[in-house]
Amino acid sequence: MSGRIVLDTNIFVRAILSKNGLYDAILAKVGFEEWQLVYGRDQLFELNEVLNYERIVNRFGNSMTEYKEIAFWVMDFGEE
């Protein structure tokens, strides 16, 4: 790994919702190639909160299973 990185919650949200694109490409480098993700527990709570916003749920749906998978991914590839 070449460095540590802190990603804004917005980057996670955009990657989750867009699936393929710039933000998803950024996440692909975390843990696998270049960067060690650094996160805080508050960020996981914020991610859950944002993904439950009414406008996001109405447009993209709401799957608690997906959110749990994302949280576990962050914890697996990141360090608190």
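The values are calculated or read from the model by the stated rules, or taken from the named source; none is laboratory data. It should be emphasised that the depicted structure is a prediction, and the values quoted were computed from it without experimental measurement. With ideal geometry, Cβ positions are generated from the backbone for all residues, glycine too; neighbour counts draw on all protein chains shown. The area values use the complete protein model at the heavy-atom level, side chains included, leaving out ligands, DNA and RNA. Shrake-Rupley method; radii C 1.70, N 1.55, O 1.52, S 1.80 Å.
Descriptive notes on the structure:
- Residue among Ala71, Ile16, Ile5 farthest towards the positive dipole end of the chain, charges placed on Cβ: Ile16
- Under 5 Å, built H, 5+ apart or other chain: amide partners of Val38: Ile5, Val6, Leu7, Glu79
- Ellipsoid semi-axes in whole angstrom, largest first, where each is sqrt(5λ) of the Cα gyration tensor of the chain: 22, 14, 10
- The helix-only estimate of mean residue ellipticity at 222 nm for the chain, built from DSSP H runs of length n ≥ 4 each weighted as -39500 (n - 2.57), is -18500 deg cm²/dmol after division by the residue total.
- Karplus (6.51, -1.76, 1.60) ³J(HN,Hα), θ = phi - 60°, over the range 43-56, in Hz, Gly and Pro reported as x: 5, 5, 5, 5, 4, 4, 4, 5, 5, 9, 4, 3, 5, 6
- Accessible carbon and sulfur surface of the chain relative to its total accessible area, %, 1.4 Å: 51 percent
- When you count the other C-beta atoms within 10 angstrom of each residue and take the mean per peptide, 40-52, 4-16 line up highest first as 4-16, 40-52.
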